[in-house]
Amino acid sequence: MTDAQGVPLAVRTTGANRPDVTELLPLVDAIPAVAGKVGHPRSRPDRVQGDRGYDSWFHRQMLWVRGIEPVLAERNTGHGSGLGVWRWVVERTLSWLHQFRRLRIRYEKLPEIHDAFLQIGCIIICYRFLTASLC
């Protein structure tokens, strides 16, 4: 899960044969509170965008319950939903993570070690984003 600039907000590791939609709600719930205006910090995004892999009636309802607008491409419809205009941000973040060889080729047997390297990769991406915006 990334923000609009591609900065990772939450990550989870699953098996290769798990559908994406099963991780939608845990990822949304894993987003930390973001400091902003004085008062109650925002802890949830205004909307979640996703491709056809995330489309299901149950998950749309659960996002509405959480106060999040689901902007998900619908299955069995023609291409051209317009979500590809923003989807490249997520794909770019995935390519940033794949620049780290240990994440591109998984050498570790234990998932905890791979998760640690994934967290380190996200930290490096956030650091690079912050230092680039300060210059």
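Bear in mind that the values in this text are calculations on the coordinates, not laboratory data. Just so you know, these numbers come straight off a predicted model, no measurement behind them. We place every Cβ from the backbone using ideal geometry, glycine too, and count neighbours over all the protein chains shown.
Descriptive notes on the structure:
- Under the Karplus curve 6.51 cos²θ - 1.76 cosθ + 1.60, θ = phi - 60°, whole-Hz ³J(HN,Hα) for region 13-23, x wherever Gly or Pro sits: 9, 9, x, 5, 9, 8, x, 4, 5, 5, 9
- In order through region 87-99: 3J(HN,Hα) via Karplus (6.51 cos²θ - 1.76 cosθ + 1.60), integer Hz, x for Gly, Pro: 4, 4, 5, 5, 4, 5, 5, 4, 5, 4, 5, 6, 5
- For R42, distant residues with modelled amide H under 5 Å away: V34, G36
- Cα lying deepest toward the dipole's positive end in region 20-134, options L25, M62, C126, charges on Cβ: C126
- Taking amide H atoms as placed 1.01 Å from N in the peptide plane, the amide H of V11 has no partner under 5 Å among residues 5 or more positions away or on other chains.
- L110-R18 FRET efficiency (beta carbon distance; Förster radius 25 Å; 0.05 resolution): 0.85
- Summed residue charge, Cβ within 15 Å of D3's Cβ, Lys/Arg positive, Asp/Glu negative: +4
- Taking every DSSP helix (H) stretch of at least 4 residues in the chain, weighting each as -39,500 (n - 2.57) and dividing the sum by the residue count yields a mean residue ellipticity at 222 nm of -13500 deg cm²/dmol.
- Theoretical gain in end-to-end length, A30 to R52 [0.36 nm per residue, Cα-Cα removed]: 5.7 nm
- Segment V71-F100, length gained on full extension (0.36 nm per residue, minus Cα span): 7.4 nm
- Spin-label model, V89 to K37: label points 7 Å out along the Cα-to-beta-carbon direction sit 2.0 nm apart.
- Net charge dipole size for the chain [Lys, Arg +1 and Asp, Glu -1 on Cβ; Debye, nearest 20]: 240 debye
- Placing a label point 7 Å from the Cα of F129 along the Cα-to-Cβ direction, the residues of region 1-39 with a backbone N closer than 14 Å are 1-11, 31-35.
- Close amide H pairs (under 5 Å, H built 1.01 Å from N) link V48 with E69, V71, residues at least 5 positions away or on another chain.
- Separation of alpha-carbon centers, region 2-18 and region 95-109, rounded to whole Å: 14 Å
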